[in-house]
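The values are calculated or read from the model by the stated rules, or taken from the named source; none is laboratory data. The structure displayed is predicted, hence computed values, not measured ones. For neighbour counting, all protein chains shown are included, and Cβ atoms are generated from backbone atoms with ideal geometry for every residue, glycine included.
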Amino acid sequence: MAPTTTKQWTLHGTNGFDSLKFDEKASIPQLGDKDVLVKIHAASLNYRDLIIPKGKYPFAVTDGVVPGSDGAGTVEAVGAHVTRFKPGDNVVTLFNQGHLAGSPTPATIVTGLGGALDGTLREYAKFDEQGLVTAPSNLNMMEASSLSCAAVTAWNALYGLEGKSLKPGHTVLTQGTGGVSIFALQFAKAAGARVIATTSSAKKAELLKKYGADHVINYKETPNWGEEAKKLSAGQAGVEFVIEVGGPTTMTQSLKAIKLDGVIGIIGFIGGFSKDQPTFLDCLNNLCTVRGIFVGSRLQFEDMNRAIEGNDIHPIMDEKVFDLADLKEAYQYMWDQKHFGKLCVKVA
């Protein structure tokens, strides 16, 4: 018999992490004909999750929403007309539930879990069958829970632009040690590319080298890290890809590092805002492509999962794991940038 209640968090207002409220006996809606009930075993956090309760997220958010976009679990029950999954299947959530293939549209970008739609930080969750993918067979639940946002975003940054996808021998510049940057490092190395990584920590620099970075630049010691990255690239011509997560505060250096006709994927703005930032003409002067990336489609997710299985790639997880009831502490831990790789929440 399917459960009727679930422990879950909901978000009310934008008063910081105190906007999160815990309910130990929330009701589970009845399944529609195309719905799947998932028992969530693990969820992982993203920078997006932290800025939503602070009122800094630029996309749709519903008051009272269950937070969290990333989750992995087991199918508990299915609606009468579900054909893609059966009870017992291991699944992972799709970030934008409506983005199945192709380019994002105004309709699909407002279907984000944990923002517009109820997300994963709960024991049991109902999803349309189209909004799930089969979990990679080589990953455990905690590893699989890290894929929905950061991994798909990194994959899209490297492979999402037709005619300009990552190739062996290319050089990728990553920033920091958050989820997107670490996944980009792993995917690039699996493809036979070189990686130049930036960080401000000697300890994290050693970990980046451990996981395959060919060069690591400490951006506090080397403020002109973009120029340094260009010197380290093949023929000092610049890097083919920049995984741009810093935003306005790092874009100038990214433009200094990029190769002519290279691609800068703008993913976030964890460095904050700045009035002093490059203009459109700087992109023209560097003859590069600058594209904004909003995660990716289910088709890209499925392509990525095949690569994860084929190369036996395992997500790099922070050593600390939080229980569902301790979610606020997990948010603060990540906000304080104490994590390396993906931060996981054990749900059930």
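If you check Arg298, Arg306 for being farther than 19 Å from Ala191 by Cβ and not assigned by TED's automatic domain parsing to the domain that holds Leu139, only one passes: Arg298.
Put simply, of Lys256, Lys220, Lys209 the only residue that is closer than 19 Å to Val290 by Cβ, free of Cβ contacts under 8 Å to residues at least 40 places away in the same chain and of a type outside the set (Phe, Trp, Tyr) is Lys256.
Residues to consider are Ala229, Ala205, Ala213; find the one that is touching a strand residue (DSSP E or B) at 6+ places or on another chain (Cβ under 9 Å) and in a loop (DSSP other than H, G, I, E, B).
Ala213
Only residues that are over 13 Å from Gly71 (Cα atoms) and touching a residue at least 40 places away in the same chain (Cβ under 8 Å) were counted in the stretch 146-166, giving 12.
Working only within the stretch 115-145, note down all residues that are farther than 14 Å from Pro67 by Cβ and of a type in the set (A, V, I, L, M). Those that are farther than 14 Å from Pro67 by Cβ and of a type in the set (A, V, I, L, M): Leu132, Val133, Ala135, Leu139, Met141, Met142, Ala144. Restricting attention to the stretch 1-38 and to residues that are basic (Lys, Arg) and surrounded by 15 or more Cβ atoms within 10 Å (Cβ to Cβ), the residue that is farthest from the chain's Cα centre (by Cα) turns out to be Lys34. The residue list Leu343, Leu281, Leu299 contains one member that is among the hydrophobic types (A, V, I, L, M, F, W, C), exposed (fewer than 14 other Cβ atoms within 10 Å of the Cβ) and under 18 Å from the mean Cα position of the chain (by Cα), which is Leu299.
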